[in-house]
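The values are calculated or read from the model by the stated rules, or taken from the named source; none is laboratory data. Only a predicted model underlies this, so the values are computations on that prediction, with no experimental measurement involved. No Cβ is skipped: glycine too gets one built from the backbone with ideal geometry, and neighbour counts run over all protein chains shown.
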Amino acid sequence: MTAKQIKIRNNEVEINYFQDGQGTLTLLFLHGWCIDGTYWEKQVEYFAHQYNVYAIDLPGFGKSKAERANWTIEEYANDVTIFIDQLKLQNVVIVGHSMAGEIMLEIAMNQHPSIKGIVGVDNFKFIDVEFTPEQMKQMADFFPMLEKDFKNSATVYADMMLFHPTTPEEVKERVKHDFANTDSVIGYGTFMNQMQYAHSDAQRLEMLNFKLYLINSDAYPTNLTGLKNHCKSGFQVETIAGTGHFPMIEKPEEFNGILDKMLAQIN
């Protein structure tokens, strides 16, 4: 993929992005925590034959930069919205992986006129799930570790939480390398801000005016009851078996086939 750059927000943010293809429908791929737009390479290649396809590095990750200290979901949603406006993108379907699910949700909540649909990738799995006191303590103990020693704690987190027994070793090494080389201030800030934002995911889903499409792995089950309780505009979940948190690179052909069918419904 050939990278391009664009400056937004009074030149305080520089977005590195990849674009290919053309068509009346625009796909905008947003990556998850501590990775970058190159994780969508197989999707850009596949869908460019039919659609206008973009994959961006979110500010602070990959080769995108931002002069700020505020790494909230709302700020990222503003970045993406301005990117859409500045490039005059129309009929946009946002595909958001992991943390970008919240970014996607925030943009959709603001009812931007160019947004036509949203597809989450391995997110919104724990709506209405009540964690045990032991699980809550594990999370609480992890936060100061992540702040103190981001590089090692982030890679341990990946090993413990984000992979399936069948996840290829090259995928594990790629993810852990990217986690370890993330700016620790940005990595920690985005992690904590996403956790805070996610507390209100259920309430936001109730106000969502889009059907929520999800492509989730089976490493952890999706709580369908929670989605039924809160997705007033409907939802559809397709599960890819035998993958961890990164189904788009673990099983790209199956992932692309599922997304292709979802896009046909949206379009």
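Values for this structure:
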item: Leading residue by the ranking (modelled with the highest pLDDT) among those in the range 127-138 that are of a type outside the set (Val, Ile, Thr) and either in a loop (DSSP other than H, G, I, E, B) or loosely packed, with under 11 Cβ neighbours inside 10 Å (or both); result: ASP128
item: Evaluation of PHE29 against (1) in contact with a Phe, Trp or Tyr (Cβ under 7 Å, 6 or more places away or on another chain); (2) surrounded by fewer than 24 Cβ atoms within 10 Å (Cβ to Cβ) (one fails), failing number; result: (2)
item: The range 230-240 - residue that is in contact with a helix residue (DSSP H, G or I) (Cβ under 9 Å, 6 or more places away or on another chain) and either among the aliphatic types (A, V, I, L, M) or part of a loop (DSSP other than H, G, I, E, B) (or both) and, of those, surrounded by the fewest Cβ atoms within 10 Å (Cβ to Cβ); result: LYS232
item: Looking only at the range 140-160, and only at residues there that are of a type in the set (A, V, I, L, M, F, W, C) and surrounded by 11 or more Cβ atoms within 10 Å (Cβ to Cβ), the one that is farthest from the chain's Cα centre (by Cα); result: MET145
item: Lone qualifier among GLN19, GLN43, GLN5 - being of a type outside the set (Phe, Trp, Tyr), in contact with a strand residue (DSSP E or B) (Cβ under 8 Å, 6 or more places away or on another chain), more than 18 Å from ILE186 (Cβ to Cβ) and assigned to a helix (DSSP H, G or I); result: GLN43
